[in-house]
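Following: one structure in structure tokens, then a few remarks.
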Amino acid sequence: MKFPLYKVLNNGTTVELDYMQPQEQEVVRALLNDVILEGKTYPQKQPLSQAEFSTYWLSQDAFVVRASGQKATSEPQEVLGAFYLKPNFPGRCSHICNAGFIVQPGLRSQGIGRFMGESMLLIAASLGYEAVMFNLVFESNIPSIKLWKSLGFDIIGSIPHAAKLADGQVVNALVMYRALRD
């Protein structure tokens, strides 16, 4: 697969998806920590240190979406969204991958998440994964559930009372799955 991948968003902006560069790691960590502090979509309660972020997000493949033409230089880029892709399980089950996605709060509903989701499916297949499984999609995260269903994911389970959101609400989490091969 050849990178970067390009897409024109709903607002007319052309963006590119590429492997995360080392100088973008802190920008992505800050964005992830903002999303964690929102307390609506990720299981972590506290912001991640650099070491925790590296273990969680950088263990395998990590990608970013940036405005097209922003080449990765020594200066941090404006990251519009990001995702990781890694085996969901070790060893004999490592052909099933997992991914996590974040989008800048002010840029949601512009098509960045869909672009990342569609790209992740292509990348995962090209890397030899046979399926994608999301372990904890909070049932209150309606935009994500709609997106994943539209990309062919099935809900294969529900974990009762899995998440205690920042606002005190307790919600179930869905397990979503999609085969990449017939």
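The values are calculated or read from the model by the stated rules, or taken from the named source; none is laboratory data. No experiment lies behind these values; they were computed from the predicted model shown. With ideal geometry, Cβ positions are generated from the backbone for all residues, glycine too; neighbour counts draw on all protein chains shown.
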- Task: From (1) hydroxyl-bearing (Ser, Thr, Tyr); (2) in contact with a Cys (Cβ under 9 Å, 6 or more places away or on another chain); (3) without any contact (Cβ under 8 Å) to a residue 12 or more places away in the chain, pick out the condition that doesn't hold for TYR129.
- Result: (3)
- Task: Restricting attention to strands (runs of 3 or more DSSP E) lying wholly within the range 1-108, give those where 1 or more residues are over 16 Å from the mean Cα position of the chain (by Cα) and among the charged types (D, E, K, R).
- Result: 5-8
- Filter result (farther than 12 Å from VAL137 by Cα, touching a residue at least 12 places away in the same chain (Cβ under 8 Å) and in contact with a strand residue (DSSP E or B) (Cβ under 6 Å, 6 or more places away or on another chain)) within the range 161-182: ARG178, ALA179, LEU180
- Message: Restricting to the range 113-133, and then to whatever is hydrophobic (A, V, I, L, M, F, W, C), out of contact with any helix residue (DSSP H, G or I) (no Cβ under 7 Å at 6 or more places or on another chain) and not in a helix (DSSP H, G or I), can you tell me which residue is surrounded by the fewest Cβ atoms within 10 Å (Cβ to Cβ)?
- Response: LEU127
- Query: Which residue, of ARG108, ARG114, ARG181, is of a type in the set (D, E, K, R) and more than 24 Å from VAL28 (Cβ to Cβ)?
  - Reply: ARG181
- Scan the range 88-110 and report the pairs whose first residue is over 18 Å from ILE36 (Cα atoms) and whose second residue is modelled with pLDDT under 95 and part of a loop (DSSP other than H, G, I, E, B), with Cβ atoms within less than 9 Å and a gap of 6+ or a chain change. SER109/ASN10; GLN110/LEU9; GLN110/ASN10; GLN110/ASN11; GLN110/THR13
- Quick check: anything in the range 25-43 surrounded by fewer than 19 Cβ atoms within 10 Å (Cβ to Cβ) and under 25 Å from SER126 (Cα atoms)? no
- Message: Please determine whether any residue of the range 92-109 is surrounded by fewer than 12 Cβ atoms within 10 Å (Cβ to Cβ) and either touching a Pro at 6+ places or on another chain (Cβ under 6 Å) or among the aliphatic types (A, V, I, L, M) (or both).
- Response: no
- Residues of the range 146-164 satisfying the condition of being outside any strand (DSSP E or B) and either surrounded by fewer than 15 Cβ atoms within 10 Å (Cβ to Cβ) or in contact with a Pro (Cβ under 7 Å, 6 or more places away or on another chain) (or both): LYS146, LYS149, SER150, GLY152
- Could you say which residue among LEU107, LEU165 is within 25 Å of MET1 (Cβ to Cβ) and among the aliphatic types (A, V, I, L, M)? LEU107
- Say we look at the range 5-28 and pick out the residues that are without any contact (Cβ under 8 Å) to a residue 60 or more places away in the chain and touching an Asp or Glu at 6+ places or on another chain (Cβ under 9 Å); which of these is farthest from ASN98 (Cα to Cα)? GLN23
